[in-house]
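Inspection log for the structure reproduced underneath, given as structure tokens.
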Amino acid sequence: MERSQKFIVEGEPIPLQRARRARNIFYDPQFRAKQNFSWIVKRALEPFEPISSPIKMKVEFHMPIPKSLSLKKRISLINHPHTKTKDIDNLCKFLFDALNKIVWEDDCLIWNVQAIKIYSETPKTVCELTYDV
């Protein structure tokens, strides 16, 4: 039997940053951001056990429209492809890392990803997971 879960995280999508090194000690500069993101998702899905079966994922990254643009240009950009910085693969990697052990047992269970990055008046991340129960 197939099951579907959907969650939305308000706020500008965050791309993954590489681990950093200071005096031969490696650290994750996004540790807090990942914790906050996973906490929001965990609260949205409660009660929820991490998924242990193959996962198909659809994710939409709603990116903010620059405030410097005219109202006419801002309106015309809504739901159009976002092709500026913040690569879609880094946005997905952050999502995968932040939700490990929270939504799924391991991100290797994700076998299919459909991701889009569009302009939106309200920045957010919308994710829909489909998996077998």
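The values are calculated or read from the model by the stated rules, or taken from the named source; none is laboratory data. None of the values given here were measured: they were computed from a predicted structure. In this analysis, Cβ positions are derived from the backbone assuming ideal geometry, glycine residues included, and neighbour counts consider all displayed protein chains.
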Item to complete: Return the pairs, sorted by first residue and then second, in which the second residue is of a type in the set (A, V, I, L, M, F, W, C) and in a loop (DSSP other than H, G, I, E, B), the first residue lies in the stretch 7-27 and is without any contact (Cβ under 8 Å) to a residue 40 or more places away in the chain, the beta carbons are less than 7 Å apart, and the residues are 6+ apart or on different chains.
Response: Phe26/Ala19; Tyr27/Ala19
Discussion item. Going by what's in this entry, would Arg43 be described as among the charged types (D, E, K, R), free of Cβ contacts under 8 Å to residues at least 40 places away in the same chain and farther than 17 Å from Cys127 by Cα?
Written reply: no
Worksheet item: Which of the residues that make up the stretch 35-51 are surrounded by 13 or more Cβ atoms within 10 Å (Cβ to Cβ) and of a type outside the set (D, E, K, R)?
Response: Asn36, Phe37, Ser38, Ile40, Val41, Ala44, Leu45, Phe48, Pro50, Ile51
Item to complete: Give me the pairs, please: first residue somewhere in the stretch 90-102 and under 9 Å from Ser38 (Cα atoms), second residue anywhere and of a type in the set (Phe, Trp, Tyr) and part of a helix (DSSP H, G or I), beta-carbon distance under 7 Å, and either six or more positions apart or on two chains.
Response: Ala98/Phe37
Worksheet item: Name the residues in the stretch 49-64 that are over 16 Å from Ile110 (Cβ atoms) and modelled with pLDDT under 95, would you?
Response: Glu49
Practice prompt. Could you pull out the residue among Ile116, Ile65 that is under 12 Å from the mean Cα position of the chain (by Cα), among the aliphatic types (A, V, I, L, M) and within 18 Å of Glu10 (Cα to Cα)?
Written response: Ile116
Worksheet entry | Search result, residues across the stretch 107-120 that are surrounded by 12 or more Cβ atoms within 10 Å (Cβ to Cβ) and at pLDDT 95 or above | Leu109, Ile110, Val113, Ala115, Ile116, Lys117, Ile118, Tyr119, Ser120
Worksheet, complete the sentence: Selection from the stretch 1-39 of residues closer than 26 Å to Glu49 by Cβ and basic (Lys, Arg) yields Arg3, Lys6, Arg32, Lys34
Practice prompt. Given the conditions (1) closer than 18 Å to Lys93 by Cβ; (2) surrounded by 10 or more Cβ atoms within 10 Å (Cβ to Cβ), report the number of the one that Arg32 does not fulfil.
Written response: (2)
